[in-house]
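Every read-out reported here was derived from the displayed coordinates using simple, explicitly stated rules and does not represent laboratory data. A quick note: this is a predicted structure, and the numbers were derived from the prediction, not measured. As a convention, Cβ positions derive from the backbone with ideal geometry for all residues, glycine included, and neighbour counts pool all protein chains shown.
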Amino acid sequence: MSTIDKKDKFLAGLMKSPAADTVGNQQQLREEAYRAIHNLQFPTLKDERWKYTRVAGILKKDFEHKPGTAPASIEEYQIKGYEADCLVFVNGAYSVELSETEKSSGVQVLTLAQAKVEHYDVIDKWMGSVADHKGNIFTAMNTAFHKSGVMVYAPKGSKVNRPVHIIDITTGEGVTHAPRNLFVAEDDAQIRVTHSFYGGAGENFINGVSEIYLGKHANVEYQLIQENGGESNHIQSTDVYQSTGSVFTSGAFTTGGKLIRNEINVSVNGEHCETRLNGAFLTGDRQHVDNHTVIDHIKPACNSHENYKGIMAGKSTGVFNGKVFVRKDAQQINAFQSNQNILLDDSAVINSKPELEIYADDVKCSHGSTTGQLDEEALFYLRARGLTKADAINILVNAFTAETLEYVSNDALADYISNLVERRSEELNNNDSENK
């Protein structure tokens, strides 16, 4: 079967239940994306940006939109002590019964379907303006086929009373959905969002896009937690635009899934901005997790800080490809980029490629990558004090990843992620006979 035939066959499943918009210019946006899909091809290992991540396995499967059974309760998916507006989606469908939101002064927290009717002016102005739906086939697919998502709109000077927690639950064989989110913080506004993915049995394909716009001196925090099912294929793109004096903070914490690809593209188009990207991924078995980041410094006098850490066991593979651009007129840039990895097994593999592309001369930029094993002396020290190997490893792994939680502003959320890391570390070591 030719590449074109595979593409058509794969897309056929997504088109069994087509999506359409009747308000504003959103249908025109979908049609632009349809045309882009026709002209674009799925990436292969020959594409530099995808050289370590193979999507051919996804294209061999038949995926389509299928309803899921909502749980009786979302207690197991909630974060203890994290008081937030909660929006729950099951296989991409919004669950009114499981969701709970409060009216926040001036801030709109709505499903995308609601927003397209009640605030189509905001949707028309911002949706499709940040994400690349003409040059990226997965973003084009999301733009064409999405049916659900969340809009958080903070007008000038407003701040959310509570953070927003989006819970995405995906179960069943051959399921696909394309969550589409739009977060807009106008001048001097503030938004806090956590997006959690959970999954059960069955192979699925999630193709998500989040567009984030920050006005002047706006502050946005976006935390991504991926506890996907063991057969989940998840491609997630986060596209960000920063205006003067804005602060953007993100975290990507991955423990589940079969193939995970997280892209974050930040356009820093204002002076005196702060950009903070952090992440930790813990992989085992034959998991594959790829974090691909771009920070594009267009204007001068900005700071960016990027810190990703990987812990890999079994025959899992990890990828970190981070790129920082400093444009010709972007003087006085401070950019820090780091990727550190620990291999718990000789069969695990990490492909790390931090990059700087600098066209200005008055800058302070650094990048680095290290890969190794756990410190044997530290391990011996802890075990000499009566700890099992598993407990000693958990302590070292938590210490290793703690730095990635530095910019998680909510203590309950930080505790949840720290506990998630500990649980995953235990899972990766529970087959070690020395742990008994």
Checklist entry - How much length is gained on full extension from HIS272 to ALA113, taking 0.36 nm per residue of separation minus their Cα-Cα distance? => result 53.7 nm
Checklist entry - For LYS159 and ALA399, what is the calculated FRET efficiency with R₀ set at 30 Å and r taken between the beta-carbons, to the nearest 0.05? => result 0.35
Checklist outcome for this item: Two pseudo-spin positions, 7 Å from Cα along C-beta at ILE358 and at ASP132, lie apart in nanometres by 2.4
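Looking at region 285-436, I'd like the Rg to Rh ratio, where Rg is from alpha-carbon atoms and Rh is Kirkwood's inverse mean 1/r. Don't skip to the end; give the middle numbers.
On the way: Rg = 18.1 Å, Rh = 17.2 Å.
Result: Rg/Rh = 1.05.
Quick one: net charge of PHE400's neighbours, Cβ under 10 Å, K/R +1, D/E -1? Show your work: numbers first, answer last.
On the way: positive: LYS309; negative: ASP375, GLU403.
Its environment carries a net charge of -1.
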Next on the checklist: Sort 75-83, 173-181 by packing, meaning the average of other beta carbons within 10 Å per residue, with the highest value first.
Outcome noted: 173-181, 75-83
Checklist entry - Antiparallel as a % of all DSSP beta bridges within the chain, to the nearest 5? => result 5
Checklist entry - Looking at this model, which pairs from LYS9/LYS147; LYS80/LYS389; LYS125/LYS258; LYS16/LYS125 are more than 24 angstrom apart at the alpha-carbon? => result LYS80/LYS389; LYS125/LYS258; LYS16/LYS125
Item to check | Positive minus negative residues near GLU100 (Lys, Arg vs Asp, Glu; Cβ under 11 Å) | outcome: -3
Next on the checklist: From the alpha carbon gyration tensor of region 178-242, can you work out the equivalent ellipsoid semi-axes (sqrt of 5 times each eigenvalue) and give them in Å, largest to smallest?
Outcome noted: 28, 11, 7
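Where the eigenvalues come from the Cα gyration tensor of region 1-64, what are the semi-axes √(5λ) of the equivalent ellipsoid, largest first, in whole Å?
26, 15, 10
For region 73-148, what relative contact order do you get, as a whole percent, if you take Cα pairs closer than 8 Å and at least 6 residues apart? Display every interim value, and only then the final one.
On the way: 42 pairs, mean separation 17.8, N = 76.
After rounding, I find 23 percent.
To the nearest 500 deg cm²/dmol, what mean residue ellipticity at 222 nm is calculated for the chain from DSSP H runs of n ≥ 4 alone, each contributing -39,500 (n - 2.57), summed and divided by the residues?
Details: 9 runs with 93 residues, N = 436.
Helix contribution divided over all residues of the chain: -6500 deg cm²/dmol.
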Checklist outcome for this item: region 373-424 -> Rg/Rh from Cα coords, Kirkwood Rh, value 1.05
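How high is the relative contact order of the chain, in percent, with contacts defined as C-alpha pairs under 8 Å that are six or more residues apart? Don't skip to the answer; put the middle values down first.
Working: 1111 pairs, mean separation 43.3, N = 436.
Relative contact order comes out at 10 percent.
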Checklist entry - How many nm is it between the label spots at SER366 and LYS51, if each spot is 7 Å from the Cα in line with the beta carbon? => result 2.6
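Filter the cross-link list LYS116/LYS216; LYS323/LYS364; LYS328/LYS364; LYS299/LYS364; LYS51/LYS299 down to pairs whose alpha-carbon distance in this structure exceeds 23 Å. Walk me through the intermediate numbers first.
On the way: LYS116/LYS216 25 Å; LYS323/LYS364 15 Å; LYS328/LYS364 14 Å; LYS299/LYS364 15 Å; LYS51/LYS299 30 Å.
In this structure, LYS116/LYS216; LYS51/LYS299 exceed 23 Å between Cα atoms.
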Checklist entry - For the pair GLU31 and GLU376, how long in nm is the line joining their label points, each one 7 Å along Cα→Cβ? => result 6.7
Item to check | Where only C-alpha atoms are counted, convex hull volume of region 306-360 per residue in Å³ | outcome: 53
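Taking the mean number of other Cβ atoms within 10 Å as a proxy for protection, how do you rank 367-374, 151-158 from highest to lowest? Intermediate results must be reported in sequence, preceding the final value.
Working: 367-374: 13.8, 151-158: 20.5.
Descending packing order for the listed peptides: 151-158, 367-374.
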